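Worksheet for the structure shown next.
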Amino acid sequence: MAKRRSPGKRPRRPDDRPLSLGTHWRADGVPKTAYASEGEAWAMADERRQDTGVILNVYRCDFCTSWHMGRDNERNQ
């Protein structure tokens, strides 16, 4: 039988830090595009940089464990 979480508590990482849900969502409230691999995410980030000039970083999401792209200031919240 699965363990239930206490209401009102966020899940925690194995190192006991809370999950960062903010890096999973875009500013408009929609979940960010999930990439299956780090390489796929970097390829898309490079394509976006070439198209728009915006430099994006790639990171593994604590919430969904997929890879997302974002700006540095998103990770420093």
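Sorted fewest first by neighbouring Cβ atoms within 10 angstrom, Y35, Y59 come out as Y59, Y35. When only the Cβ of Lys, Arg, Asp and Glu is charged (+1, +1, -1, -1), the dipole of region 31-75 relative to its Cα centre reaches about 120 debye.
Coordinate-derived values only; no laboratory data. Predicted, not measured: the structure shown is a model, and the values here were computed from it. Positions of Cβ are generated from backbone atoms using ideal geometry, with glycine treated the same way; all protein chains shown enter the neighbour counts.
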